[in-house]
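One structure below.
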Amino acid sequence: MASLLKRYKEILFVCQTCTRNISNRATCGKIKRKYYERLYPTTVVLPNGATINVRYPQPRQIIKLPIDITKLSPEEQAALKRRRQPKTEIEVEKEIEDNFDRRKYLQYMNKSK
C-alpha cells in the first residue's frame with residue numbers, strides 16, 4: 001500500500017512538472033464541427049416579441065426570427081422601414097465671435113535679448 005502511494009506521488013509529481021502554465025498554452029478558435037454531441041439551451045425570439053426557451057443542436061445564445069413584412073399593415077411597414085434606415089446626425093457648426101485684441105496685452109510682454 002505504501003509503495004503504491006509512493007509510486008502514485010512520483011507519477012503525479014512528474015506530470016505536474018511537465019505542464020507549463022504559460023499564456024501561450026491555450027488558444028481560442030472556431031469549433032469546426034458539423035454535429036454537436038448535445039443540445040444547448042437557446043432563446044428564440046418570435047416576430048411578435050415573445051420568447052421561447054428551446055434546446056438547439058448548436059451553441060447559440062439567442063435566435064431572432066425574421067418579421068414577415070407582407071403581413072404588416074402599411075403604417076407598420078413604413079415604421080419598420082424608418083427604423084431600419086441609418087440615422088443621420090445633423091452637425092451644427094457655431095461661429096465663434098472673436099473679439100480678442102492682442103495689442104491690449106502688449107504691455108505685459110517682456111522683450112528679452
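The values are calculated or read from the model by the stated rules, or taken from the named source; none is laboratory data. Treat the numbers as computed from the prediction; the structure is a model and nothing was measured. As a convention, Cβ positions derive from the backbone with ideal geometry for all residues, glycine included, and neighbour counts pool all protein chains shown. What goes into the accessible areas is simple: the full protein's heavy atoms, side chains included, and nothing from ligands, DNA or RNA. Shrake-Rupley method; radii C 1.70, N 1.55, O 1.52, S 1.80 Å.
Assorted remarks:
- Hey, GLU97 more than 30 Å from LYS32 (Cβ to Cβ) and open to solvent by 100 Å² or more (accessible area, probe 1.4 Å) or not: yes
- For the stretch 58-90, the set of residues classified as open to solvent by 90 Å² or more (accessible area, probe 1.4 Å) and touching a residue at least 12 places away in the same chain (Cβ under 8 Å) consists of ARG60, GLN61, ILE62, LYS64, PRO66, listed by residue number.
- Total residues in the stretch 44-57, condition surrounded by 11 or more Cβ atoms within 10 Å (Cβ to Cβ), at pLDDT below 90 and over 30 Å from LYS32 (Cβ atoms): 1
- Checked against (1) open to solvent by 90 Å² or more (accessible area, probe 1.4 Å); (2) modelled with pLDDT under 90; (3) within 25 Å of the chain's Cα centre (by Cα), ARG20 passes all but condition (3).
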